[in-house]
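Engineer: Following this message is one structure expressed as structure tokens.
The values are calculated or read from the model by the stated rules, or taken from the named source; none is laboratory data. Note that the structure is a prediction, hence the values are computed from the model and not measured. Positions of Cβ are generated from backbone atoms using ideal geometry, with glycine treated the same way; all protein chains shown enter the neighbour counts.
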Amino acid sequence: MSAAVNAEPLQDRAESLSRRFAEVYGQEPDGVWRAPGRVNLIGEHTDYNNGFVLPFAIDRSALVAVRLRRPDQDPEDEADVVRLASTYGQKGRGLSHARFRTGGLVPGAAEGWGSYPAGVVYALQQRAGVSVPGFDLLLDSTVPVGAGLSSSHAVEVAVIVALNDLLGLGLDRPGMARLTQYAENEFVGAPTGIMDQSASLMGQDGGALFLDCRSLDAENVPLPLADHGLEVLVMDTRVAHSHADGGYSARRSACERGAAALGADSLRDVAADADLSGLDAEVQRRVRHVLGENQRVLAVVEELRRGNVDGIGELLVASHASLRDDFEVSCPELDLAVDAALAAGALGARMTGGGFGGSAIALIRAEAEDEVRAAVLAAFEDKGWKEPALFTVLPAAGAGRL
Ligand code: ADP
Ligand code: MG
């Protein structure tokens, strides 16, 4: 196993999870599966415009230990019961429990975090015609919740790769990406795209996933950060501004209006140098961001193919400026994190995710990590703002059995 994934002590985690599983459920698990979170390197607000994104799977992941129910060993009336436990949100050795039945499963039938595994079961039933038996599952994840690293998809992807193996379903990775998207859209009720699951399923150690959101074509491009002495610092501002939801739908509809006014089905079908002067000023800015951002993704992919990892910094900075000034989805906390990191020597930095709070990322030299961290913390302290959560990530392999 590679250095990047070994940044997480995966075998140790898997072994202690198996032991814990046996304590909780009184049986050995059938196996342990891993699914990573993700960071979007560049390509923001392009997904719903059928454009390009470039996420990478990170060395923080959800691990699940799973045991399918056996007709000969489990009580008959429990054949379709799913028992779930997670180490999340509990102090010491406490666990968060959830439970549902695979029989007659409908949206709303599972509560809290149980809706993510239940959504995967529902998607397998509805979209793949799979009859899913009951199972026991123990989850332990190092993907922080709500930091913009897609902890929810890590859970869903871990569950689907486990069930795919255990039930011998033979699903391919794009197929599992579509099923987890269905789970999140139709069962959990979150209108998310295909990027997060795709990165978690198809990421490669030392690589980023170049994804065309129109064709769903996915290609790994080299992102050997560790070989270049680089890493990505995630700066979670720990703020979530209340206009995030409204702001998101307003941006989506401005993009749709822009595409319609330009006679296109989506902004993907608009030329990068199209004449935008006929659009009203606000729509013009939104469209300019999306067209430019798609070009920046292509430019980053080009640099990475040439092995010029250091050369992508400026494109990250340009992405942030466009999100701040033209798409207007940044906020003072994200701007401060980006500016402080750049002033302390980061090669590039940008907000990542939907905006209005959440996380920014900075591409930094590993040896400068302490300096950049200190600068960002000092900048927030100066303002009297809540301390951001800072941690580094590297590109890691996609989901699979441990
Ligand atoms: P994110 O951006 O991190 O995906 P979401 O709000 O989409 O944020 O998903 C977070 C939710 O995913 C949590 O509230 C919880 O329901 C579920 N989740 C994530 N990680 C875990 C975990 N380790 N244990 C239990 N539930 C989890
Ligand atoms: Mg999520």
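Engineer: Hey, among the residues in the range 89-107 that are in a strand (DSSP E or B) and more than 20 Å from V32 (Cβ to Cβ), which one's nearest to ligand 2 (Cβ to nearest atom)?
Structural biologist: Selected residue: F100.
Engineer: Identify, by number, the condition in (1) within 15 Å of ligand 1 (Cβ to nearest atom); (2) surrounded by fewer than 21 Cβ atoms within 10 Å (Cβ to Cβ); (3) touching a residue at least 40 places away in the same chain (Cβ under 8 Å) that D245 doesn't meet.
Structural biologist: (3)
Engineer: Restricting to the range 345-372, count the residues that are surrounded by fewer than 21 Cβ atoms within 10 Å (Cβ to Cβ) and in a helix (DSSP H, G or I).
Structural biologist: Final tally of qualifying residues: 6.
Engineer: Only residues that are within 16 Å of ligand 2 (Cβ to nearest atom) and without any contact (Cβ under 8 Å) to a residue 60 or more places away in the chain: list them for the range 129-155, please.
Structural biologist: Correct list: V145, S152.
Engineer: What are the pairs, 6+ residues apart or on separate chains, where a residue within the range 187-198 that is under 25 Å from E111 (Cβ atoms) and within 11 Å of ligand 1 (Cβ to nearest atom) has its Cβ under 6 Å from a residue that is not in a helix (DSSP H, G or I) and not aliphatic (A, V, I, L, M)?
Structural biologist: D196/R38; D196/S150
Engineer: Here's another thing I want to ask about it. Based on what the data block shows, is D205 in a loop (DSSP other than H, G, I, E, B) and touching a residue at least 24 places away in the same chain (Cβ under 8 Å)?
Structural biologist: The answer is yes for D205.
Engineer: Same structure again: I need a count of the residues in the range 45-88 that are touching a residue at least 24 places away in the same chain (Cβ under 8 Å), outside any strand (DSSP E or B) and either farther than 21 Å from L167 by Cβ or within 16 Å of ligand 2 (Cβ to nearest atom) (or both).
Structural biologist: 9
Engineer: Which one of these does H320 not meet: (1) farther than 17 Å from L225 by Cα; (2) in contact (Cβ under 8 Å) with a residue 60 or more places away in the chain?
Structural biologist: For H320, the failing item is (2).
Engineer: Out of curiosity, is E44 of a type in the set (D, E), more than 19 Å from V155 (Cα to Cα) and within 18 Å of the chain's Cα centre (by Cα)?
Structural biologist: yes
Engineer: Also: Return the residue satisfying two criteria in turn: it lies in the range 150-168 and is away from ligand 1 (no atom under 16 Å from the Cβ) and not in a helix (DSSP H, G or I), and of such residues it is surrounded by the most Cβ atoms within 10 Å (Cβ to Cβ).
Structural biologist: Here the residue is L167.
Engineer: Looking at A110, A147, A190, can you tell me which residue is surrounded by fewer than 16 Cβ atoms within 10 Å (Cβ to Cβ) and assigned to a loop (DSSP other than H, G, I, E, B)?
Structural biologist: A190
Engineer: Does the range 197-220 include one or more residues that are of a type in the set (S, T, Y) and modelled with pLDDT of 95 or more?
Structural biologist: yes
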